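Below is one structure; the comments refer to it alone.
The values are calculated or read from the model by the stated rules, or taken from the named source; none is laboratory data. These figures come from a predicted structure and were not determined experimentally. Here the Cβ positions follow ideal geometry from the backbone for every residue, glycine too, while neighbour counts run over all protein chains shown.
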Amino acid sequence: MKKNKSNKYTNHTLIRKNILLWYDQNKRDLPWRKNKNPYRIWISEIMLQQTRVKFIQERYVSFLNRFPSIKVLANASIGEVLNEWQGIGYYSRARNLHLSAKIILTDYKGRIPIQQENLKKLPGIGNYTAAAIGSIAFDENIPALDANWIRVLSRILNFQGQIDTKKSLKYLEECANKIISKKRPGDFNQAVMDLGSEICKPKKIHCELCPIISNCLSNKNKTSLLIPKKKKKKERKLKTFFQFFAEYNGKFLMVKRRNKGLFKGLWELPGWEVEGHFLDCSQKQKKDKLGSFFVGKNISTKKIIEKKIHLTHVEILFVVFKVSVNSMDSKVSEGKWVEKDGLLEEGISSAQKKIIDYIQEQKKLFKI
Ligand code: SF4
């Protein structure tokens with residue numbers, strides 16, 4: 001029986017070789033690429049979830065200086081970890097890192113497990129992160145399919161399906177398994193990620209610089225910009241946070257958010273959230289809420305800011321009222337009067353920090 005001859009578009013050896021050659025000459029100099037220490041790789045992969053490489057480079061170095069090993073991380077308090085994570089966003093990642101460090105210390109004698117199934121049992125580690133850690137730190141032969149990998153692969157194959165379906169992902173995973181370098185799986189995963197972020201970008205594609213241009217079916221068919229195809233995006237949820245800015249003697253009241261939902265366990269201005277966007281609340285609602293936070297009658301309020309903050313799945317309108325209080329008494333059990341700089345000692349979301357910075361800015365400008 002005659003064997004099917006592979007052409008240059010299906011020649012995996014050629015694609016593999018050209019991608020790795022390009023990576024060896026062009027790889028980005030990133031702090032987590034200095035060595036294959038599994039702890040360093042793990043921290044980098046968690047930080048990179050939903051955050052840009054450029055943004056985390058310095059924060060990564062700082063985090064490792066503060067928590068140089070699993071043991072140090074596991075023995076730190078969650079407050080210390082959240083404090084170091086401040087501004088990076090998606091704080092559940094910091095909580096999961098802390099929790100996982102404790103599990104690794106107790107159940108795996110302080111060593112990050114090699115087996116994929118054990119890695120995936122750790123909080124915050126899904127298929128992609130387990131594959132990235134496995135391939136980069138332990139040379140496991142698994143493609144770590146992130147958005148870059150999927151885009152590059154879809155374009156090489158001129159894949160016309162919608163990539164956000166289980167069936168498509170399964171197909172792309174099978175193809176990736178055939179293409180990945182068995183000798184250098186970690187490098188190959190990182191090479192494709194680099195190729196996707198530097199050359200095969202979502203909109204600005206630089207095919208002329210691409211090491212696999214002659215193996216790329218979408219380039220041949222002039223369809224690269226139409227790939228990958230996706231289902232229509234869901235609209236972002238709208239929320240309004242009504243909040244009180246109560247200042248007394250240069251300090252203002254912050255409260256700890258309940259332990260579930262958006263921004264769980266983080267510190268924020270006292271207030272409440274509602275679905276949808278509203279520029280004001282009812283007088284009764286405001287009075288009831290004031291009564292639940294502050295002591296005293298006839299406390300006056302004045303609206304000082306309205307500002308929208310966009311997160312990945314939600315758009316929040318912050319409406320903040322300044323509250324004139326006569327003392328630091330409050331009815332909140334988990335509340336603290338803090339100075340602006342004192343905030344740095346606590347975990348707050350980057351959205352709330354932006355609002356507080358904005359209030360301070362408006363105060364200076366308009367003496368509100
Ligand atoms: S040739 Fe163009 S579309 Fe194809 S993989 Fe390279 S950069 Fe992407």
From (1) assigned to a helix (DSSP H, G or I); (2) out of contact with any Gly (no Cβ under 6 Å at 6 or more places or on another chain); (3) surrounded by 13 or more Cβ atoms within 10 Å (Cβ to Cβ), pick out the condition that doesn't hold for residue 89. (1)
For residue 189, indicate whether it is under 24 Å from residue 35 (Cα atoms), surrounded by 20 or more Cβ atoms within 10 Å (Cβ to Cβ), touching a residue at least 24 places away in the same chain (Cβ under 8 Å) and more than 15 Å from the ligand (Cβ to nearest atom). yes
If you go through segment 111-128 one residue at a time, do you hit one that is closer than 23 Å to residue 19 by Cβ, touching a residue at least 60 places away in the same chain (Cβ under 8 Å) and either touching a Lys or Arg at 6+ places or on another chain (Cβ under 7 Å) or among the polar types (S, T, N, Q) (or both)? no
Evaluate the following for residue 46: is it at negative phi, part of a loop (DSSP other than H, G, I, E, B) and not hydroxyl-bearing (Ser, Thr, Tyr)? no
When the residues of segment 77-93 are filtered to those that are free of Cβ contacts under 8 Å to residues at least 60 places away in the same chain and not β-branched (Val, Ile, Thr), which remaining residue is farthest from residue 259 (Cα to Cα)? 84
Just checking, does segment 160-168 include any residue being more than 16 Å from the ligand (Cβ to nearest atom), buried (at least 17 other Cβ atoms within 10 Å of the Cβ), assigned by TED's automatic domain parsing to the domain that holds residue 95 and not hydrophobic (A, V, I, L, M, F, W, C)? yes
When you scan segment 232-242, do you find a residue that is more than 11 Å from the ligand (Cβ to nearest atom), touching an Asp or Glu at 6+ places or on another chain (Cβ under 6 Å) and aliphatic (A, V, I, L, M), even just one? yes
Note down all Cβ pairs under 7 Å where the first residue falls in segment 137-156 and is at positive phi, the second is more than 15 Å from the ligand (Cβ to nearest atom), and they're at least six residues apart or on different chains. 139/185; 139/186
Hey, residue 30 under 20 Å from residue 111 (Cα atoms) and in contact (Cβ under 8 Å) with a residue 24 or more places away in the chain or not: no
Can you confirm whether segment 152-175 contains a residue that is polar (S, T, N, Q), within 20 Å of the chain's Cα centre (by Cα) and in a helix (DSSP H, G or I)? no
Candidate set: segment 327-342, residues that are among the hydroxyl-bearing types (Ser, Thr, Tyr) and exposed (fewer than 13 other Cβ atoms within 10 Å of the Cβ); chosen: the one farthest from the chain's Cα centre (by Cα): 327
Suppose we keep only residues that are part of a strand (DSSP E or B) and among the basic types (Lys, Arg) within segment 241-257. Which one would you say is nearest to residue 332 (Cα to Cα)? 256
Would you mind stating whether residue 196 is more than 10 Å from the ligand (Cβ to nearest atom) and small (Gly, Ala, Ser)? no
Using the structure shown, decide if residue 264 is in the same structural domain as residue 328 (by TED's automatic domain parsing) and either in contact (Cβ under 8 Å) with a residue 40 or more places away in the chain or part of a loop (DSSP other than H, G, I, E, B) (or both). yes
Across (1) within 29 Å of residue 232 (Cβ to Cβ); (2) more than 22 Å from the chain's Cα centre (by Cα); (3) in a helix (DSSP H, G or I); (4) within 16 Å of the ligand (Cβ to nearest atom), residue 208 clears everything bar (1)
Segment 113-164, residues that are out of contact with any Ser or Thr (no Cβ under 9 Å at 6 or more places or on another chain) and farther than 24 Å from residue 52 by Cβ: 113, 114, 115, 116, 117, 118, 121, 138, 139, 140
Does at least one position in segment 70-77 carry a residue that is surrounded by fewer than 17 Cβ atoms within 10 Å (Cβ to Cβ) and either touching an Asp or Glu at 6+ places or on another chain (Cβ under 6 Å) or within 18 Å of residue 37 (Cα to Cα) (or both)? yes
Give me the residue from segment 212-226 that is near the ligand (Cβ under 8 Å from one of its atoms) and assigned to a loop (DSSP other than H, G, I, E, B) and, out of that set, farthest from residue 151 (Cα to Cα). 212
Checking the condition buried (at least 20 other Cβ atoms within 10 Å of the Cβ), within 27 Å of residue 38 (Cα to Cα) and more than 16 Å from the ligand (Cβ to nearest atom), which residue from 176, 144 passes? 144
